[in-house]
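J.: Attaching a single structure in structure tokens format; questions to follow.
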Amino acid sequence: MTNLNAKEFEKRNKKFIDLMNKDEKILDISKKWFLESIRNEYSYHFSWLGRPIIQYPQDIIALQEIIWKTKPDIIIETGIARGGSIIFSASILEIIGKGEVIGIDIKIRNENKKEIKNHPLYKRIHMLEGSSIDKNIVKKIKNIIGDKKKILVILDSNHTHKHVFNELKLYSTFVSKSSYLIVFDTIIDDIPNELLKNRPWGENNNPKSAVKEFLKINNRFRIDKSIEKKLLFTAAPMGYLKCVKNNKDKKITKRSSKR
């Protein structure tokens, strides 16, 4: 392996990723493991530079690859929770040497707000409190972005179909060509109701159903299946959307969500 050049190494990896995704045994094991991990709140067990991140390690690695590759000027994240995710994004931007994170949450607990503000990476972070689909919040985001062009968006707030669909319509307009619009917890569509703990979302009412509807009306994005193929399991199946067209090429038909 060490004697392979970069192209040969990449080619070999692709070969084994393809083989892995044809292996019914490992696919079945991965699916079962993922469902069992949910029962044990596995994604809550990790932190990033001192703050709980509430993500699967596989998705954390995927995000790191995407941020490093795209080198965005701005990362917009809906859903702050305990702050680990925006600290993570800020840390990769700090290594790159540029960029800011805009985090939005309907309610930021004082304890979490204090810890984030006291973090060494807060210099790269803006926190906005309010609904991610509120017009005033979107206006504040536009003011922070200014004339910056390279934008990456991560959606991870309210997981109902209606909310995520509205987020997709709003925030897709910020995403630049070759960057990503990432939608977390699309896995909800594949989770038995017994594991959802009486949440307001569920089968056919979740981020994945919203992604499906969104892709019918917006031709700027494609699902980057190569990411979930190499991860084997992810909280965002069908959720890694790559922008393939400039915003001026966007063609959106008028259609509203009926949910």
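The values are calculated or read from the model by the stated rules, or taken from the named source; none is laboratory data. Keep in mind that this is a model prediction, so the values were computed, not measured. With ideal geometry, Cβ positions are generated from the backbone for all residues, glycine too; neighbour counts draw on all protein chains shown.
J.: I'd like the full set of residues that are touching a residue at least 60 places away in the same chain (Cβ under 8 Å) and surrounded by fewer than 19 Cβ atoms within 10 Å (Cβ to Cβ), limited to segment 136-165.
T.: Correct list: Ile144, Ile145, Lys148, Lys149, Lys150, Lys162.
Here is a yes/no grid of residues against (1) out of contact with any Gly (no Cβ under 9 Å at 6 or more places or on another chain); (2) over 16 Å from Phe184 (Cβ atoms):
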{"position": "Asn40", "(1), (2)": "yes, yes"}
{"position": "Phe46", "(1), (2)": "no, no"}
{"position": "Tyr56", "(1), (2)": "yes, no"}
{"position": "Ala62", "(1), (2)": "yes, no"}
{"position": "Asp73", "(1), (2)": "no, yes"}
{"position": "Thr78", "(1), (2)": "no, no"}
{"position": "Ala81", "(1), (2)": "yes, no"}
{"position": "Gly84", "(1), (2)": "no, no"}
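J.: Still on this structure, please answer the following. Pairs please, first residue from segment 207-220 and farther than 17 Å from Tyr180 by Cβ, second anywhere and outside any helix (DSSP H, G or I) and not hydrophobic (A, V, I, L, M, F, W, C), Cβ atoms under 6 Å, 6+ apart in sequence or on different chains.
T.: Hits for this filter: Ile217/Thr253; Ile217/Arg255.
J.: Next question. May I ask you to say which residue of Lys212, Lys208 is charged (D, E, K, R), in a helix (DSSP H, G or I), at pLDDT 95 or above and surrounded by fewer than 19 Cβ atoms within 10 Å (Cβ to Cβ)?
T.: Exactly one of Lys212, Lys208 is charged (D, E, K, R), in a helix (DSSP H, G or I), at pLDDT 95 or above and surrounded by fewer than 19 Cβ atoms within 10 Å (Cβ to Cβ), namely Lys212.
J.: Applying the selection to segment 136-186, what residues are part of a loop (DSSP other than H, G, I, E, B), farther than 16 Å from Ile80 by Cβ and of a type outside the set (Val, Ile, Thr)? Before you say what the answer is, go through the steps one by one.
T.: Keep residues of segment 136-186 that are part of a loop (DSSP other than H, G, I, E, B), which gives 146-150, 156-160, 175-179, 184-185.
Next, from what is left, pick out any that are farther than 16 Å from Ile80 by Cβ: 146-150, 160, 175-179.
Within segment 136-186, Gly146, Asp147, Lys148, Lys149, Lys150, Ser176, Lys177, Ser178, Ser179 qualify.
J.: Taking interchain pairs and intrachain pairs at least six residues apart, which have beta carbon atoms under 9 angstrom, with the first residue in segment 12-27 and of a type in the set (D, E, K, R) and the second at pLDDT below 95 and surrounded by fewer than 11 Cβ atoms within 10 Å (Cβ to Cβ)?
T.: Here the result reads Arg12/Met1, each pair linking segment 12-27 to a residue that is at pLDDT below 95 and surrounded by fewer than 11 Cβ atoms within 10 Å (Cβ to Cβ).
J.: Scan (1) exposed (fewer than 12 other Cβ atoms within 10 Å of the Cβ); (2) under 24 Å from Lys139 (Cα atoms) for the single condition Glu24 breaks and write down its number.
T.: (2)
Per-residue answers, yes or no, for (1) touching a Lys or Arg at 6+ places or on another chain (Cβ under 9 Å); (2) surrounded by 15 or more Cβ atoms within 10 Å (Cβ to Cβ):
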position	(1), (2)
Gln55	no, yes
Ile61	no, no
Glu65	no, no
Glu100	yes, yes
Ile106	no, yes
Asn112	yes, yes
Glu115	yes, yes
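J.: Quickly run through segment 215-229 and pick out the residues that are under 24 Å from Leu63 (Cα atoms), surrounded by fewer than 18 Cβ atoms within 10 Å (Cβ to Cβ) and not aliphatic (A, V, I, L, M).
T.: Correct list: Asn219, Arg222, Lys225, Ser226, Lys229.
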